[in-house]
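Down below is the structure, laid out as structure tokens.
Readers should treat all values here as calculations from the given coordinates under stated rules, not as data from a laboratory. Please read all numbers here as calculations on a predicted model, not as lab measurements. Here the Cβ positions follow ideal geometry from the backbone for every residue, glycine too, while neighbour counts run over all protein chains shown.
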């Protein structure tokens, strides 16, 4: 299959996840993150949970188009990322306990077809479907240009507070969400040089979000991180055009009814 016939990029695709999932440790490489978030964006978070709605099919050319990938080893990289997803898990904090959960219950790479099929783990359904409050949403195209998994994860944490433009997070929680290795936890200068500063710089340059940050100390020890950025306007909303309404209309709905419902649901994305 030639990369010259790439699928057209859909700039309207939204990633929507519960805040608990955003704050969890994701345990993903950049390629795995790209693949999984494209799959999340293809879910319709407003639908009820069914096995069919938990299943996503992605064409490798679509994957390449979304992230402007031109690598000659694209298909082997996509296959490797698909296979690795079965070994990746999310880590949630619950008091002093840690809960581990798979991202997917099944991952299939169809040789010769360039197709990937992912079936999300059933216990993730409350964090991906029928989302009405306490969730984070952002356009995939905004994060897709980032080349660092740390920049992407920081962007997601910031998007949770896009209405206030202010994120204050305990240092230990930041380490957990960013999945930082032990080498960065023992020395704050390592975290600053290898994670925070590069991530902030990349977000500012590639997304244009003017993020600033500062450490907060208790005595001589840094305990909290503070991030500030301009309040996000409603460009994060779905573009409710004719094609979008026709695609997401429910059986029995008129065009006007579907449009009204979709606009009301889109407004919730900023809450």
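Overall size of region 1-145 from C-alpha positions, given as principal axis extents largest first: 49, 29, 28 Å. Roughly how tilted is helix 30-42, in degrees to the nearest 10 and between 0 and 90, from the longest Cα axis of the chain? The helix 30-42 is inclined about 50 degrees to the chain.
Taking 0.36 nm per residue of separation and subtracting the Cα-Cα distance, full extension of the segment from residue 73 to residue 216 would add 47.1 nm.
Calculated mean residue ellipticity at 222 nm for the chain: -9500 deg cm²/dmol, from DSSP H runs with n ≥ 4 weighted as -39500 (n - 2.57), summed, divided by the residue count and rounded to 500.
Pairwise Cα separations in the chain fall into 5 Å bins from 0 onward with the following percentages, short to long: 1, 5, 12, 16, 18, 17, 14, 9, 5, 2, 1, 0, 0. For region 148-236, treating each Cα as an identical point scatterer without solvent, what Debye log10 I(q)/I(0) comes out at q = 0.13 1/Å? Each listed q corresponds, in turn, to -0.40. Relative to the longest principal axis of the Cα atoms of the chain, the long axis of helix 74-85 makes an angle of roughly 70 degrees.
Pairs of Cα atoms nearer than 8 Å and 6+ residues apart set the relative contact order; for region 148-236 it is 38 percent.
Can you give me the C-alpha center-to-center distance between region 112-184 and region 186-213, rounded to a whole angstrom? Their Cα centres are 16 Å away from one another.
In this label model, residue 224 and residue 111 are separated by 5.5 nm, measuring between points 7 Å along each Cα→Cβ vector.
Size descriptor for region 84-216, Kirkwood hydrodynamic radius: 17.1 Å (Cα pairs only, one decimal). Take every pair of alpha-carbon atoms less than 8 Å apart whose residues are at least six positions apart; their mean separation over the length of the chain yields a relative contact order of 21 percent.
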